[in-house]
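Chemist: One structure follows; several queries about it will come next.
Each reported figure results from applying straightforward, stated rules to the coordinates on display, with no laboratory input. Bear in mind the structure is a predicted one, so any value in this text is a computation, not a measurement. Cβ atoms come from the backbone with ideal geometry, glycine included; neighbour counts cover every protein chain shown.
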Amino acid sequence: MPRPTGVTVIGCVFLGAGVYLSSIAMIVLVAPKALSTLRALPFLYLIKLMKPYAPLVMGLIWTVVAWGLWQLRNWVRFTPLGC
């Protein structure tokens with residue numbers, strides 16, 4: 001059965017959000033002084049508020065949900081973040 005287009009689009013959005021949050025959190029973990037150059041990024045207040053570990057975990061969860069959507073796994077339908 002081919003994957004529906006809507007599921008592909010939602011999976012791409014989840015993957016983009018997951019990679020974005022994970023990459024910014026990793027930058028903050030590796031180079032904490034880089035925060036002054038990252039001022040214009042959206043959701044930076046979240047990383048400052050919750051420290052970089054929570055956005056890193058959330059980004060990884062969103063990436064796993066995107067992978068599950070692309071594989072058409074049934075467990076994704078029951079996740080709170082899934083469709």
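Chemist: What is the order of Y20, Y53, fewest Cβ neighbours within 10 Å to most?
Modeler: Y53, Y20
Chemist: Neighbouring Cβ atoms within 10 Å as the yardstick, rank M58, M26, M1 fewest first.
Modeler: The order, fewest Cβ neighbours first, is M1, M26, M58.
Chemist: Still on this model: What net charge do the residues around L15 carry, taking every other residue with its C-beta under 15 Å from that of L15, with Lys and Arg at +1 and Asp and Glu at -1?
Modeler: Values: positive: R3, R73; negative: none.
Around L15, the charge tally is +2.
Chemist: Packing-wise, with mean Cβ within 10 Å as the measure, how do 64-71, 12-19, 27-34 rank, highest first? Display every interim value, and only then the final one.
Modeler: Values: 64-71: 18.9, 12-19: 16.8, 27-34: 12.2.
Top of the packing list down: 64-71, 12-19, 27-34.
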